[in-house]
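The structure appears right after this line, and notes come after that.
Derivation of every value follows stated rules applied to the coordinates shown; laboratory data play no part. Everything numeric in this text was worked out from a predicted model, so none of it was measured. Cβ atoms come from the backbone with ideal geometry, glycine included; neighbour counts cover every protein chain shown.
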Amino acid sequence: MRFKIILNIEKYALGNALPLNHQYEQSAVIYKILSYANTDYATWLHDNGFTADSKQFKLFTYSRLFIPQYTIDKQHALLLINSDTVEWYVSFLPEESTEKFIQGVFMNQTFQLGNQRNRVQFRVQSIEVLPSPHFEEEMTFETLSPICIALRNSDGRTDYLSPEDERSKESLLFSLLNRYEAFYGKPYAGTVDFNFEVLNAPKPVLITFKAGTPEESRVKGYMCRFKIKVNGELMKIMYESGIGMKGSLGWGMVKICKKIKD
């Protein structure tokens, strides 16, 4: 279930300078807002999620902030928000009781994003449920946040793959099947007819998590358009919870595109 959130920028409170690396903090905001209404639910979502193959899956994802007018301050790694509002898209795979619950806890909430030096205060102006699309076995999408495809190499380090890498297809399917098993509590039954094709040159994005702390790390992903073929049920899981890895940290959210002629 997907939501469109309009946020007001309360510039009088803290200004309009937002650190370029704020994606991790968006996830923290979601957990914090959920905890206001239902601490048990937020704790479960954060600590447990759905489990498959001894891995935990928080089956939601979210987009970047869509800012109509902004300026980049490269010297200080800041995003200066010049518009009065921004758009944010958040998607939850679970549907039972999700609509009223999410609308109720998010509406009129005020929160901050940023670090100790630069923070921006936002207030939720409106939250709208977007209609669920009809899922076909082959569809074309565009990323709203980067796709993260990570593999551990022989040295124990992590390789972040481009969607064009020949290893990406297998990794994406594996991730999708794991989320299916986590959500339904059983492995996917039957043959999977899967194909993944990148339709433009992927744009790399490097994001720093927990910048300036001992836990600081960098994650690489890619923005692109792609065509994917898979069973409609798996297509829905991909659309609602993101493609690739780290969906609950704001990676792999997509929107449907019109089919591009060959």
Dipole moment magnitude, nearest 20 debye, the stretch 106-257 about Cα centre, only Lys, Arg, Asp, Glu C-beta charged: 700
Taking trypsin sites (Lys or Arg not before Pro) that fall in a DSSP loop and have at most 14 other Cβ atoms within 10 Å as cut points, what is the longest piece of the chain between them? 1-73
Taking R0 as 30 Å, what's the FRET efficiency between Gln112 and Lys236 from their Cβ-Cβ distance, rounded to 0.05? 0.35
1/(1 + (r/R0)^6) with r = Cβ-Cβ of Glu216 and Phe66, R0 = 35 Å, i.e. FRET efficiency to nearest 0.05, evaluates to 0.85
Name the GluC sites (Glu not before Pro) in the stretch 176-262 that are in a loop by DSSP and that have at most 16 other C-beta atoms within 10 Å, would you? Glu215, Glu216
Would you kindly derive the ³J(HN,Hα) couplings of the stretch 70-78 from the backbone phi angles with the Karplus curve 6.51 cos²θ - 1.76 cosθ + 1.60 (θ = phi - 60°), listing them in order in whole Hz, with x for Gly and Pro? 7, 10, 9, 9, 5, 4, 10, 6, 10
What dipole magnitude, in Debye to the nearest 20, does the chain give about its Cα centre under +1 on Lys/Arg Cβ and -1 on Asp/Glu Cβ? 620
Length gained if Glu170 through Glu87 is fully extended, taking 0.36 nm per residue and subtracting the Cα-Cα distance, is 26.6 nm
From the helices alone, meaning DSSP H stretches of at least four residues, give me the mean residue ellipticity at 222 nm for the chain, per-run term -39500 (n - 2.57), in deg cm²/dmol to the nearest 500. -7500 deg cm²/dmol
Given a cut-off of under 8 Å on Cα pairs at least six residues apart, what relative contact order in percent is computed for the stretch 138-257? 40
Relative contact order, percent, the chain [alpha-carbon distance under 8 Å, six or more residues apart]: 27
